[in-house]
Amino acid sequence: MSQSRARDFGVAKMVGVALAAFGFAFALVPLYRIACEKLFGVRLEQGPAQVGEMSVAKQERWVTVQFDGGVNSKLPWQFEPAQSSMRVQVGRQYEASYSARNVGERAIVGNAVPSVAPARASGYFNKTECFCFTAQTLAAGESREMPVRFIVDPALPAGVKTVTLSYTFYKNDAQTAALESGQKPAGKSQADVARAAP
């Protein structure tokens with residue numbers, strides 16, 4: 001009888017551990033969001049419904065958005081904004097563009113990491129479409145315009161008059177290696193798109 005009881009206790013422990021692991025995994029998403037917002041001052045992207053609600057609000061407030069771009073030393077690309085700044089009305093959608101060129105001798109996959117300054121404005125700068133959402137592949141010598149669409153939330157703190165959107169491109173070693181070995185990386189180059197066109 002004690003063996004049966006020990007076996008039942010062991011099964012109950014395994015079921016309990018499995019349920020606890022499931023609960024922990026389920027809680028990771030909101031915990032990650034809270035950590036980003038509270039510890040690092042970064043508000044994650046909002047869904048399309050929330051962005052649509054913001055665009056309905058008409059505000060007469062204007063702010064200046066400055067653009068900056070750079071590349072990590074391991075990535076042989078040139079990357080810069082098409083314009084250095086733009087005056088925008090809060091609550092309205094705008095589009096800015098960056099240009100990238102692969103000056104290396106082979107195709108490379110890169111990822112752009114955005115940052116918004118000042119940190120207290122990052123939660124109010126919403127990108128609705130961005131090249132930073134996916135990896136980008138550029139063939140050797142290829143150039144590309146990379147647009148970003150954004151809305152500055154009308155709830156932006158009153159003291160913030162200027163917001164800086166900055167991107168740093170980093171080489172994606174894993175996807176570049178997959179590209180070199182003949183596997184398909186996540187991003188597409190314009191040359192890939194042109195070859196696939198009928």
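Under the condition of being touching a helix residue (DSSP H, G or I) at 6+ places or on another chain (Cβ under 7 Å) and in a strand (DSSP E or B), which residue from the stretch 116-136 is surrounded by the most Cβ atoms within 10 Å (Cβ to Cβ)?
Among them, the one singled out is Val116.
Val113 versus (1) in contact (Cβ under 8 Å) with a residue 60 or more places away in the chain; (2) surrounded by fewer than 15 Cβ atoms within 10 Å (Cβ to Cβ): which is the lone unmet condition?
Of the numbered conditions (1) in contact (Cβ under 8 Å) with a residue 60 or more places away in the chain; (2) surrounded by fewer than 15 Cβ atoms within 10 Å (Cβ to Cβ), the odd one out for Val113 is (1).
If Ser166 satisfies every condition in (1) modelled with pLDDT under 95; (2) in contact with a Gly (Cβ under 8 Å, 6 or more places away or on another chain) but one, which is the exception?
(1)
Residues that are modelled with pLDDT of 90 or more and surrounded by 13 or more Cβ atoms within 10 Å (Cβ to Cβ): does the stretch 55-62 have at least one? Let's see the steps before the verdict.
Applying the first criterion (modelled with pLDDT of 90 or more) to the stretch 55-62 yields 61-62.
With the extra rule that they be surrounded by 13 or more Cβ atoms within 10 Å (Cβ to Cβ), the set shrinks to 61.
Within the stretch 55-62, one or more residues are modelled with pLDDT of 90 or more and surrounded by 13 or more Cβ atoms within 10 Å (Cβ to Cβ).
Yes or no: the stretch 125-135 includes at least one residue that is in the same structural domain as Gly69 (by TED's automatic domain parsing) and out of contact with any strand residue (DSSP E or B) (no Cβ under 9 Å at 6 or more places or on another chain). I'd like the intermediate steps shown before the answer.
Keep residues of the stretch 125-135 that are in the same structural domain as Gly69 (by TED's automatic domain parsing), which gives 125-135.
With the extra rule that they be out of contact with any strand residue (DSSP E or B) (no Cβ under 9 Å at 6 or more places or on another chain), the set shrinks to none.
Looking through the stretch 125-135, none of the residues is in the same structural domain as Gly69 (by TED's automatic domain parsing) and out of contact with any strand residue (DSSP E or B) (no Cβ under 9 Å at 6 or more places or on another chain).
Mind checking which residues of the stretch 87-118 are of a type in the set (S, T, N, Q) and within 16 Å of the chain's Cα centre (by Cα)? Quick ask: steps written out before the conclusion?
Initial filter on the stretch 87-118 (of a type in the set (S, T, N, Q)): 89, 93, 97, 99, 102, 111, 115.
Listed by number, the residues that qualify are Ser97, Asn111, Ser115.
Could you count how many residues in the stretch 71-88 are surrounded by 15 or more Cβ atoms within 10 Å (Cβ to Cβ) and in contact (Cβ under 8 Å) with a residue 60 or more places away in the chain?
Number satisfying all stated conditions: 5.
How many residues, within the stretch 90-109, are assigned to a strand (DSSP E or B) and farther than 25 Å from Gly141 by Cβ? Reasoning before the result, please.
So the first thing to find is which residues in the stretch 90-109 are assigned to a strand (DSSP E or B), and the list is 93-102, 108-109.
Checking which are farther than 25 Å from Gly141 by Cβ leaves us with 93-95.
So the count comes out to 3.
The values are calculated or read from the model by the stated rules, or taken from the named source; none is laboratory data. From a predicted model like this one, the values you see are computed outputs, not experimental measurements. Quick reminder, even Gly has a Cβ in these numbers, built from the backbone with ideal geometry, and neighbours come from all protein chains shown.
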